[in-house]
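Colleague: Let me begin by handing over the structure; questions about it come next.
The values are calculated or read from the model by the stated rules, or taken from the named source; none is laboratory data. Predicted model, so just to flag it, every value in this text is computed and none were measured. Every residue, glycine among them, receives a Cβ derived from its backbone with ideal geometry; neighbour counts consider all protein chains shown.
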Amino acid sequence: MTGKALLVDEISKLYRIGSASDLVSKDDNAVVRLLKKPLNNYRKYRSLYRFTDEELQGRKSGGDILWALRDVSFEVEPGEVVGLVGANGAGKSTLLKIISRVTPPTKGRCVTRGRVSCLLEVGTGFHPELTGRENIYMNSTILGMRKREVDRKFDEIVEFSGVKKFIDTPVKRYSSGMSVRLAFAVMAHLEPEILIIDEVLAVGDAEFQRKCLNQMGNAGRAGKTVLFVSHNMAAVTRLCDRGLLLRSGQIVQDGSAADVVHTHVSGGHGEAAAREWSDLESAPGDDKVRLRAIRIVAESGAPLGSADADAPVGIQITYDVLEGGQVLSPYFTIVSDAGVDLFSTTDADETADKVARKVGRYISTAWIPGGLLAGGTHYVRAVMRSVREQYRPFTERDIIAFNVIDRDSGKFGTGWWEGRPSGVISPRLQWSTEYVQPEMVIEG
(Lines give C-alpha, C1' and ligand atoms only; values in the text may rest on other atoms or scores of the structure.)
Protein backbone atom coordinates (compact mmCIF):
# COMPACT_ATOMS: atom_id res chain seq x y z
CA MET A 1 0.00 0.00 0.00
CA THR A 2 3.04 2.27 0.35
CA GLY A 3 2.42 5.37 -1.74
CA LYS A 4 -0.89 4.05 -3.13
CA ALA A 5 -4.02 6.19 -2.88
CA LEU A 6 -6.28 3.14 -3.22
CA LEU A 7 -5.80 -0.62 -2.96
CA VAL A 8 -8.60 -3.01 -3.94
CA ASP A 9 -7.57 -6.57 -3.15
CA GLU A 10 -9.64 -9.57 -4.29
CA ILE A 11 -12.97 -7.91 -3.51
CA SER A 12 -16.15 -9.91 -4.01
CA LYS A 13 -19.73 -8.98 -3.21
CA LEU A 14 -22.36 -11.68 -2.95
CA TYR A 15 -26.07 -10.96 -2.63
CA ARG A 16 -28.98 -13.22 -1.90
CA ILE A 17 -31.96 -12.05 -3.89
CA GLY A 18 -35.62 -12.90 -3.41
CA SER A 19 -37.30 -15.88 -5.01
CA ALA A 20 -40.78 -17.30 -5.25
CA SER A 21 -39.94 -19.81 -2.50
CA ASP A 22 -39.68 -16.94 -0.02
CA LEU A 23 -43.39 -16.23 -0.31
CA VAL A 24 -45.78 -17.52 2.34
CA SER A 25 -48.00 -20.26 1.03
CA LYS A 26 -51.43 -19.02 0.00
CA ASP A 27 -52.85 -22.28 1.33
CA ASP A 28 -52.48 -20.95 4.87
CA ASN A 29 -55.38 -19.02 6.28
CA ALA A 30 -55.02 -15.41 7.41
CA VAL A 31 -54.38 -16.28 11.07
CA VAL A 32 -51.63 -18.78 10.22
CA ARG A 33 -49.97 -16.29 7.85
CA LEU A 34 -50.07 -13.61 10.56
CA LEU A 35 -48.40 -15.95 13.06
CA LYS A 36 -45.79 -17.15 10.57
CA LYS A 37 -44.88 -13.72 9.23
CA PRO A 38 -42.47 -12.58 12.02
CA LEU A 39 -40.62 -15.90 11.95
CA ASN A 40 -40.40 -15.91 8.16
CA ASN A 41 -39.13 -12.33 8.14
CA TYR A 42 -36.49 -13.17 10.74
CA ARG A 43 -35.29 -16.20 8.79
CA LYS A 44 -35.20 -14.23 5.57
CA TYR A 45 -33.22 -11.39 7.18
CA ARG A 46 -30.61 -13.81 8.61
CA SER A 47 -30.27 -15.61 5.29
CA LEU A 48 -29.55 -12.38 3.39
CA TYR A 49 -26.11 -12.01 4.97
CA ARG A 50 -25.18 -15.61 5.69
CA PHE A 51 -23.60 -17.81 3.04
CA THR A 52 -22.31 -21.36 3.17
CA ASP A 53 -18.67 -22.17 2.40
CA GLU A 54 -19.76 -23.74 -0.88
CA GLU A 55 -21.56 -20.54 -1.89
CA LEU A 56 -18.61 -18.34 -0.93
CA GLN A 57 -16.20 -20.53 -2.89
CA GLY A 58 -18.47 -20.52 -5.92
CA ARG A 59 -19.06 -24.26 -5.89
CA LYS A 60 -22.78 -23.83 -5.33
CA SER A 61 -24.98 -21.35 -7.13
CA GLY A 62 -28.72 -21.13 -6.77
CA GLY A 63 -31.43 -18.95 -8.23
CA ASP A 64 -31.18 -16.62 -5.25
CA ILE A 65 -27.39 -16.04 -5.46
CA LEU A 66 -25.92 -13.04 -7.29
CA TRP A 67 -22.22 -12.17 -7.56
CA ALA A 68 -22.25 -8.39 -8.02
CA LEU A 69 -18.42 -8.39 -7.89
CA ARG A 70 -16.00 -11.28 -8.08
CA ASP A 71 -12.27 -11.16 -7.29
CA VAL A 72 -11.75 -7.52 -8.30
CA SER A 73 -8.22 -6.19 -7.73
CA PHE A 74 -6.45 -3.00 -8.78
CA GLU A 75 -4.33 -0.18 -7.39
CA VAL A 76 -4.57 3.57 -7.97
CA GLU A 77 -1.72 6.03 -7.58
CA PRO A 78 -2.20 9.53 -6.12
CA GLY A 79 -3.22 11.97 -8.85
CA GLU A 80 -4.65 9.31 -11.18
CA VAL A 81 -8.04 9.98 -12.78
CA VAL A 82 -9.63 6.58 -13.43
CA GLY A 83 -12.83 5.94 -15.35
CA LEU A 84 -14.99 2.91 -14.52
CA VAL A 85 -16.74 1.75 -17.67
CA GLY A 86 -19.31 -0.96 -18.19
CA ALA A 87 -22.91 -1.75 -19.02
CA ASN A 88 -25.73 -1.39 -16.51
CA GLY A 89 -25.44 -4.15 -13.92
CA ALA A 90 -21.70 -4.66 -14.46
CA GLY A 91 -20.93 -3.81 -10.81
CA LYS A 92 -19.63 -0.25 -11.09
CA SER A 93 -21.86 1.31 -8.43
CA THR A 94 -21.38 -1.63 -6.07
CA LEU A 95 -17.61 -1.23 -6.34
CA LEU A 96 -17.82 2.49 -5.58
CA LYS A 97 -20.06 1.83 -2.57
CA ILE A 98 -17.52 -0.59 -1.17
CA ILE A 99 -14.65 1.85 -1.71
CA SER A 100 -16.63 4.64 -0.03
CA ARG A 101 -17.59 2.37 2.91
CA VAL A 102 -21.32 2.46 2.18
CA THR A 103 -21.44 -1.34 2.08
CA PRO A 104 -18.86 -3.96 3.14
CA PRO A 105 -17.41 -6.54 0.76
CA THR A 106 -18.30 -10.21 1.20
CA LYS A 107 -14.64 -11.11 0.63
CA GLY A 108 -11.44 -9.16 0.13
CA ARG A 109 -10.26 -5.80 1.40
CA CYS A 110 -10.17 -2.18 0.33
CA VAL A 111 -7.59 0.30 1.69
CA THR A 112 -7.78 4.05 1.04
CA ARG A 113 -5.31 6.76 1.94
CA GLY A 114 -6.71 10.13 3.00
CA ARG A 115 -10.14 11.68 3.04
CA VAL A 116 -12.70 10.15 0.67
CA SER A 117 -15.54 12.26 -0.75
CA CYS A 118 -18.23 10.57 -2.81
CA LEU A 119 -21.31 11.47 -4.82
CA LEU A 120 -23.18 8.28 -5.60
CA GLU A 121 -26.85 9.27 -5.76
CA VAL A 122 -28.95 12.39 -6.12
CA GLY A 123 -28.97 14.20 -2.78
CA THR A 124 -26.37 11.92 -1.20
CA GLY A 125 -25.89 12.85 2.47
CA PHE A 126 -28.49 15.63 2.47
CA HIS A 127 -31.28 15.88 5.03
CA PRO A 128 -34.45 16.97 3.19
CA GLU A 129 -35.77 19.05 6.10
CA LEU A 130 -32.59 21.12 6.42
CA THR A 131 -31.81 24.10 4.24
CA GLY A 132 -29.01 24.16 1.71
CA ARG A 133 -26.89 26.23 4.10
CA GLU A 134 -27.43 23.79 6.97
CA ASN A 135 -26.67 20.79 4.77
CA ILE A 136 -23.39 22.36 3.65
CA TYR A 137 -22.23 22.67 7.26
CA MET A 138 -23.57 19.23 8.24
CA ASN A 139 -21.86 17.45 5.34
CA SER A 140 -18.62 19.32 5.90
CA THR A 141 -18.60 18.39 9.58
CA ILE A 142 -19.24 14.72 8.80
CA LEU A 143 -16.30 14.77 6.41
CA GLY A 144 -14.01 16.15 9.10
CA MET A 145 -13.83 19.85 8.32
CA ARG A 146 -13.82 22.55 10.97
CA LYS A 147 -16.40 25.31 10.94
CA ARG A 148 -13.87 28.02 10.15
CA GLU A 149 -12.73 26.04 7.09
CA VAL A 150 -16.33 25.85 5.87
CA ASP A 151 -16.83 29.56 6.59
CA ARG A 152 -13.83 30.34 4.40
CA LYS A 153 -15.13 28.30 1.46
CA PHE A 154 -18.86 28.81 1.90
CA ASP A 155 -19.22 31.55 -0.72
CA GLU A 156 -17.22 29.52 -3.27
CA ILE A 157 -19.44 26.48 -2.69
CA VAL A 158 -22.65 28.46 -3.15
CA GLU A 159 -21.34 30.28 -6.21
CA PHE A 160 -20.25 27.03 -7.86
CA SER A 161 -23.60 25.34 -7.16
CA GLY A 162 -25.67 28.15 -8.67
CA VAL A 163 -28.39 27.84 -5.99
CA LYS A 164 -27.60 31.03 -4.08
CA LYS A 165 -31.21 32.22 -4.33
CA PHE A 166 -32.43 29.04 -2.61
CA ILE A 167 -29.62 28.44 -0.12
CA ASP A 168 -31.95 28.99 2.85
CA THR A 169 -34.74 26.83 1.39
CA PRO A 170 -35.22 23.24 2.66
CA VAL A 171 -33.53 20.76 0.32
CA LYS A 172 -36.78 18.79 -0.02
CA ARG A 173 -38.01 21.63 -2.24
CA TYR A 174 -35.00 21.41 -4.57
CA SER A 175 -35.18 19.80 -7.98
CA SER A 176 -32.92 16.80 -8.61
CA GLY A 177 -30.58 19.02 -10.64
CA MET A 178 -30.30 21.58 -7.82
CA SER A 179 -29.56 18.84 -5.29
CA VAL A 180 -26.80 17.38 -7.45
CA ARG A 181 -25.25 20.80 -8.08
CA LEU A 182 -25.11 21.61 -4.38
CA ALA A 183 -23.86 18.14 -3.43
CA PHE A 184 -21.07 18.25 -6.01
CA ALA A 185 -20.11 21.79 -4.99
CA VAL A 186 -19.75 20.70 -1.35
CA MET A 187 -17.77 17.59 -2.27
CA ALA A 188 -15.42 19.36 -4.69
CA HIS A 189 -14.51 22.15 -2.27
CA LEU A 190 -13.73 20.00 0.77
CA GLU A 191 -10.25 19.12 -0.51
CA PRO A 192 -10.56 15.32 -0.31
CA GLU A 193 -7.67 13.09 -1.32
CA ILE A 194 -10.05 10.77 -3.24
CA LEU A 195 -13.09 11.91 -5.26
CA ILE A 196 -15.68 9.29 -6.20
CA ILE A 197 -18.30 10.32 -8.77
CA ASP A 198 -21.11 8.11 -10.04
CA GLU A 199 -23.42 8.79 -12.99
CA VAL A 200 -25.36 11.48 -11.06
CA LEU A 201 -23.78 14.26 -13.15
CA ALA A 202 -26.15 13.27 -15.95
CA VAL A 203 -28.87 15.09 -14.00
CA GLY A 204 -27.17 18.47 -14.40
CA ASP A 205 -27.41 20.72 -17.43
CA ALA A 206 -24.63 21.04 -20.02
CA GLU A 207 -23.03 24.09 -18.42
CA PHE A 208 -22.88 22.46 -14.98
CA GLN A 209 -21.47 19.24 -16.41
CA ARG A 210 -18.72 21.27 -18.06
CA LYS A 211 -17.90 22.93 -14.71
CA CYS A 212 -17.83 19.57 -12.96
CA LEU A 213 -15.54 17.99 -15.54
CA ASN A 214 -13.18 20.94 -15.31
CA GLN A 215 -13.22 20.70 -11.52
CA MET A 216 -12.41 16.98 -11.61
CA GLY A 217 -9.64 17.60 -14.12
CA ASN A 218 -8.16 20.26 -11.85
CA ALA A 219 -8.36 17.84 -8.91
CA GLY A 220 -6.30 15.28 -10.83
CA ARG A 221 -3.69 17.86 -11.78
CA ALA A 222 -3.52 18.92 -8.12
CA GLY A 223 -2.55 15.37 -7.10
CA LYS A 224 -6.02 14.20 -6.04
CA THR A 225 -7.32 10.78 -7.00
CA VAL A 226 -10.57 10.65 -8.98
CA LEU A 227 -12.79 7.62 -9.67
CA PHE A 228 -15.37 8.50 -12.29
CA VAL A 229 -18.33 6.42 -13.53
CA SER A 230 -20.22 7.63 -16.58
CA HIS A 231 -21.99 6.33 -19.66
CA ASN A 232 -20.74 9.42 -21.48
CA MET A 233 -17.73 7.90 -23.22
CA ALA A 234 -16.58 11.26 -24.57
CA ALA A 235 -16.36 12.62 -21.00
CA VAL A 236 -14.44 9.53 -19.84
CA THR A 237 -11.96 9.89 -22.70
CA ARG A 238 -11.49 13.58 -22.05
CA LEU A 239 -11.17 13.41 -18.26
CA CYS A 240 -9.49 10.08 -17.52
CA ASP A 241 -5.97 8.86 -18.21
CA ARG A 242 -6.78 5.29 -17.24
CA GLY A 243 -9.86 3.11 -17.61
CA LEU A 244 -11.22 -0.05 -16.00
CA LEU A 245 -13.79 -2.10 -17.92
CA LEU A 246 -16.18 -4.18 -15.81
CA ARG A 247 -18.32 -7.02 -17.11
CA SER A 248 -20.46 -9.26 -14.93
CA GLY A 249 -18.67 -8.08 -11.80
CA GLN A 250 -15.14 -8.67 -13.07
CA ILE A 251 -12.45 -6.40 -14.51
CA VAL A 252 -11.81 -7.51 -18.09
CA GLN A 253 -9.52 -4.66 -19.14
CA ASP A 254 -7.23 -2.20 -17.36
CA GLY A 255 -5.50 0.27 -19.64
CA SER A 256 -5.63 3.71 -21.18
CA ALA A 257 -9.04 5.37 -21.18
CA ALA A 258 -9.10 5.47 -24.99
CA ASP A 259 -8.41 1.73 -25.31
CA VAL A 260 -10.97 0.79 -22.66
CA VAL A 261 -13.65 3.00 -24.20
CA HIS A 262 -12.91 1.49 -27.61
CA THR A 263 -13.39 -2.02 -26.26
CA HIS A 264 -16.58 -1.06 -24.42
CA VAL A 265 -18.17 0.74 -27.35
CA SER A 266 -17.28 -2.09 -29.72
CA GLY A 267 -18.78 -4.68 -27.38
CA GLY A 268 -15.43 -6.42 -27.17
CA HIS A 269 -15.35 -7.22 -30.86
CA GLY A 270 -12.56 -4.75 -31.62
CA GLU A 271 -14.47 -2.57 -34.08
CA ALA A 272 -16.01 0.45 -32.37
CA ALA A 273 -17.02 2.02 -35.67
CA ALA A 274 -19.76 -0.55 -36.35
CA ARG A 275 -22.69 -1.95 -34.37
CA GLU A 276 -25.28 -4.49 -35.44
CA TRP A 277 -28.36 -6.01 -33.83
CA SER A 278 -29.22 -9.43 -35.23
CA ASP A 279 -32.11 -9.89 -32.78
CA LEU A 280 -35.05 -7.61 -33.57
CA GLU A 281 -36.34 -7.64 -30.00
CA SER A 282 -33.09 -6.32 -28.53
CA ALA A 283 -32.58 -3.66 -31.21
CA PRO A 284 -33.18 -0.02 -30.22
CA GLY A 285 -36.58 1.32 -31.21
CA ASP A 286 -40.22 0.36 -30.76
CA ASP A 287 -42.98 -1.54 -32.54
CA LYS A 288 -42.87 0.89 -35.48
CA VAL A 289 -39.17 1.13 -36.31
CA ARG A 290 -36.02 -0.66 -35.12
CA LEU A 291 -32.34 0.20 -35.56
CA ARG A 292 -30.51 -2.78 -37.07
CA ALA A 293 -26.99 -1.46 -37.80
CA ILE A 294 -24.86 1.65 -37.81
CA ARG A 295 -21.34 1.92 -39.16
CA ILE A 296 -18.65 4.27 -40.41
CA VAL A 297 -17.87 3.68 -44.10
CA ALA A 298 -15.43 4.88 -46.75
CA GLU A 299 -16.41 6.12 -50.22
CA SER A 300 -16.12 2.54 -51.44
CA GLY A 301 -18.66 1.42 -48.86
CA ALA A 302 -16.08 -0.54 -46.86
CA PRO A 303 -16.37 -0.19 -43.05
CA LEU A 304 -13.82 2.07 -41.38
CA GLY A 305 -12.36 2.23 -37.89
CA SER A 306 -10.03 5.13 -38.66
CA ALA A 307 -10.41 7.76 -41.35
CA ASP A 308 -7.96 10.13 -43.01
CA ALA A 309 -8.72 13.74 -42.12
CA ASP A 310 -8.80 14.71 -45.82
CA ALA A 311 -11.09 11.88 -46.93
CA PRO A 312 -14.92 11.85 -46.85
CA VAL A 313 -16.48 9.76 -44.10
CA GLY A 314 -19.93 8.19 -44.29
CA ILE A 315 -22.24 7.42 -41.36
CA GLN A 316 -24.53 4.62 -42.50
CA ILE A 317 -27.64 3.61 -40.60
CA THR A 318 -29.80 0.55 -41.34
CA TYR A 319 -33.30 0.41 -39.90
CA ASP A 320 -36.44 -1.68 -40.30
CA VAL A 321 -39.85 -0.03 -40.66
CA LEU A 322 -42.32 -2.38 -38.99
CA GLU A 323 -45.49 -0.35 -39.46
CA GLY A 324 -46.24 1.35 -42.77
CA GLY A 325 -47.21 4.99 -43.12
CA GLN A 326 -44.51 6.33 -40.80
CA VAL A 327 -42.72 9.55 -41.75
CA LEU A 328 -39.25 8.93 -40.33
CA SER A 329 -36.18 11.15 -40.33
CA PRO A 330 -32.86 9.89 -38.88
CA TYR A 331 -30.21 12.35 -37.81
CA PHE A 332 -26.75 12.23 -36.31
CA THR A 333 -24.74 14.39 -33.93
CA ILE A 334 -20.95 14.23 -34.01
CA VAL A 335 -19.37 14.61 -30.58
CA SER A 336 -15.68 15.31 -29.95
CA ASP A 337 -13.59 13.43 -27.39
CA ALA A 338 -13.98 16.51 -25.15
CA GLY A 339 -17.73 15.91 -25.01
CA VAL A 340 -18.53 18.87 -27.30
CA ASP A 341 -21.37 18.55 -29.82
CA LEU A 342 -19.64 19.57 -33.06
CA PHE A 343 -22.66 19.52 -35.35
CA SER A 344 -25.87 17.67 -36.16
CA THR A 345 -27.03 16.60 -39.59
CA THR A 346 -30.26 15.37 -41.13
CA ASP A 347 -31.44 14.83 -44.71
CA ALA A 348 -31.48 18.23 -46.46
CA ASP A 349 -34.04 17.04 -49.01
CA GLU A 350 -37.29 18.90 -48.25
CA THR A 351 -39.37 15.85 -49.21
CA ALA A 352 -37.60 13.64 -46.65
CA ASP A 353 -39.87 14.89 -43.87
CA LYS A 354 -43.01 14.29 -45.93
CA VAL A 355 -42.64 10.84 -47.49
CA ALA A 356 -44.31 7.97 -45.61
CA ARG A 357 -42.20 4.80 -45.45
CA LYS A 358 -43.44 1.39 -46.53
CA VAL A 359 -42.73 -1.65 -44.39
CA GLY A 360 -39.21 -2.88 -45.06
CA ARG A 361 -35.51 -2.22 -44.56
CA TYR A 362 -33.87 1.13 -45.28
CA ILE A 363 -30.25 2.29 -45.40
CA SER A 364 -29.43 5.98 -45.03
CA THR A 365 -25.93 7.42 -45.31
CA ALA A 366 -24.72 10.91 -44.36
CA TRP A 367 -21.37 12.05 -45.77
CA ILE A 368 -18.95 14.23 -43.82
CA PRO A 369 -16.67 16.04 -46.28
CA GLY A 370 -12.94 15.59 -46.02
CA GLY A 371 -10.96 18.34 -44.34
CA LEU A 372 -13.62 19.16 -41.73
CA LEU A 373 -12.92 17.11 -38.61
CA ALA A 374 -9.82 17.59 -36.50
CA GLY A 375 -7.66 14.62 -35.58
CA GLY A 376 -8.79 12.52 -32.62
CA THR A 377 -11.65 10.28 -31.52
CA HIS A 378 -15.20 11.24 -32.48
CA TYR A 379 -18.48 9.76 -31.26
CA VAL A 380 -21.85 9.47 -32.97
CA ARG A 381 -25.25 10.07 -31.41
CA ALA A 382 -27.96 8.47 -33.56
CA VAL A 383 -31.57 9.62 -33.32
CA MET A 384 -34.70 8.61 -35.19
CA ARG A 385 -37.55 11.12 -35.40
CA SER A 386 -41.17 10.27 -36.10
CA VAL A 387 -42.23 13.47 -37.85
CA ARG A 388 -46.02 13.13 -37.79
CA GLU A 389 -46.29 11.75 -34.27
CA GLN A 390 -43.52 14.08 -32.99
CA TYR A 391 -41.52 11.66 -30.86
CA ARG A 392 -38.20 9.83 -31.03
CA PRO A 393 -38.37 6.03 -31.32
CA PHE A 394 -34.71 5.83 -30.26
CA THR A 395 -31.85 8.07 -29.16
CA GLU A 396 -28.52 6.27 -28.91
CA ARG A 397 -25.63 8.25 -27.40
CA ASP A 398 -22.00 7.40 -28.19
CA ILE A 399 -23.29 4.44 -30.15
CA ILE A 400 -20.13 4.19 -32.28
CA ALA A 401 -16.75 5.88 -32.29
CA PHE A 402 -14.13 6.44 -34.97
CA ASN A 403 -10.68 7.96 -35.17
CA VAL A 404 -9.70 10.78 -37.49
CA ILE A 405 -6.01 10.72 -38.42
CA ASP A 406 -4.45 14.01 -39.51
CA ARG A 407 -1.40 12.88 -41.48
CA ASP A 408 -0.37 16.49 -42.20
CA SER A 409 -0.24 17.51 -38.56
CA GLY A 410 3.56 17.69 -38.62
CA LYS A 411 3.94 19.55 -41.93
CA PHE A 412 2.76 22.99 -40.88
CA GLY A 413 5.74 24.97 -39.68
CA THR A 414 8.85 24.23 -37.68
CA GLY A 415 10.45 25.49 -34.50
CA TRP A 416 8.04 27.54 -32.42
CA TRP A 417 4.90 26.19 -34.17
CA GLU A 418 4.48 22.47 -34.67
CA GLY A 419 1.38 20.97 -36.17
CA ARG A 420 -1.96 22.26 -37.39
CA PRO A 421 -3.78 24.92 -35.31
CA SER A 422 -5.90 23.29 -32.60
CA GLY A 423 -9.69 23.37 -32.44
CA VAL A 424 -12.74 21.14 -32.23
CA ILE A 425 -12.95 21.12 -36.03
CA SER A 426 -10.24 21.74 -38.60
CA PRO A 427 -11.85 22.81 -41.89
CA ARG A 428 -9.68 23.27 -44.98
CA LEU A 429 -11.07 26.58 -46.15
CA GLN A 430 -10.32 28.19 -49.50
CA TRP A 431 -7.84 31.04 -49.13
CA SER A 432 -6.61 33.71 -51.52
CA THR A 433 -3.81 36.24 -51.13
CA GLU A 434 -3.39 39.32 -53.30
CA TYR A 435 -0.45 41.66 -53.36
CA VAL A 436 -1.46 45.32 -53.48
CA GLN A 437 1.14 47.89 -54.60
CA PRO A 438 1.39 50.46 -51.78
CA GLU A 439 0.83 54.10 -52.62
CA MET A 440 3.89 56.29 -52.88
CA VAL A 441 4.51 58.42 -49.83
CA ILE A 442 5.67 61.91 -50.71
CA GLU A 443 7.59 63.64 -47.98
CA GLY A 444 8.01 67.39 -47.52
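Colleague: With GLU191, GLU159 as the choices, which residue is in a loop (DSSP other than H, G, I, E, B) and over 13 Å from the mean Cα position of the chain (by Cα)?
Modeller: Just a single option satisfies the conditions, and that option is GLU191.
Colleague: Among what's in the range 68-85 and is of a type in the set (Asp, Glu) and assigned to a strand (DSSP E or B), pick the residue that is farthest from ASP241 (Cα to Cα).
Modeller: To start, the set of residues in the range 68-85 that are of a type in the set (Asp, Glu) comprises 71, 75, 77, 80.
So of that shortlist, the ones also assigned to a strand (DSSP E or B) come out as 71, 75.
Details: ASP71: 24, GLU75: 14 Å.
Out of the qualifying residues, it is ASP71.
Colleague: Among what's in the range 271-282 and is touching a residue at least 12 places away in the same chain (Cβ under 8 Å) and among the small types (Gly, Ala, Ser), pick the residue that is farthest from ALA382 (Cα to Cα).
Modeller: By that ranking, first place goes to ALA272.
Colleague: Among the residues of the range 286-309, which ones are within 27 Å of LEU429 (Cβ to Cβ) and surrounded by 15 or more Cβ atoms within 10 Å (Cβ to Cβ)?
Modeller: ILE296, VAL297, LEU304, ALA307, ASP308, ALA309 - these are the residues of the range 286-309 that are within 27 Å of LEU429 (Cβ to Cβ) and surrounded by 15 or more Cβ atoms within 10 Å (Cβ to Cβ).
Colleague: Working only within the range 154-174, note down all residues that are free of Cβ contacts under 8 Å to residues at least 40 places away in the same chain and among the hydrophobic types (A, V, I, L, M, F, W, C).
Modeller: PHE154, ILE157, VAL158, VAL163, PHE166, ILE167
Colleague: Find the residue count for the range 330-376, including only residues that are over 29 Å from ALA309 (Cβ atoms) and among the hydroxyl-bearing types (Ser, Thr, Tyr).
Modeller: Going through the range 330-376 one residue at a time, the tally reaches 2.
For every residue, the table says whether it meets (1) buried (at least 16 other Cβ atoms within 10 Å of the Cβ); (2) in contact with a Pro (Cβ under 9 Å, 6 or more places away or on another chain); (3) β-branched (Val, Ile, Thr); (4) not assigned by TED's automatic domain parsing to the domain that holds PHE208.
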| position | (1), (2), (3), (4) |
| --- | --- |
| PRO128 | no, yes, no, no |
| ARG152 | no, no, no, no |
| ASP155 | no, no, no, no |
| VAL158 | yes, no, yes, no |
| SER161 | yes, no, no, no |
| THR169 | no, no, yes, no |
| ARG181 | yes, no, no, no |
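Colleague: Kindly indicate whether any position in the range 254-266 is surrounded by fewer than 19 Cβ atoms within 10 Å (Cβ to Cβ), more than 25 Å from the chain's Cα centre (by Cα) and at pLDDT 90 or above.
Modeller: The answer is no; no qualifying residue exists.
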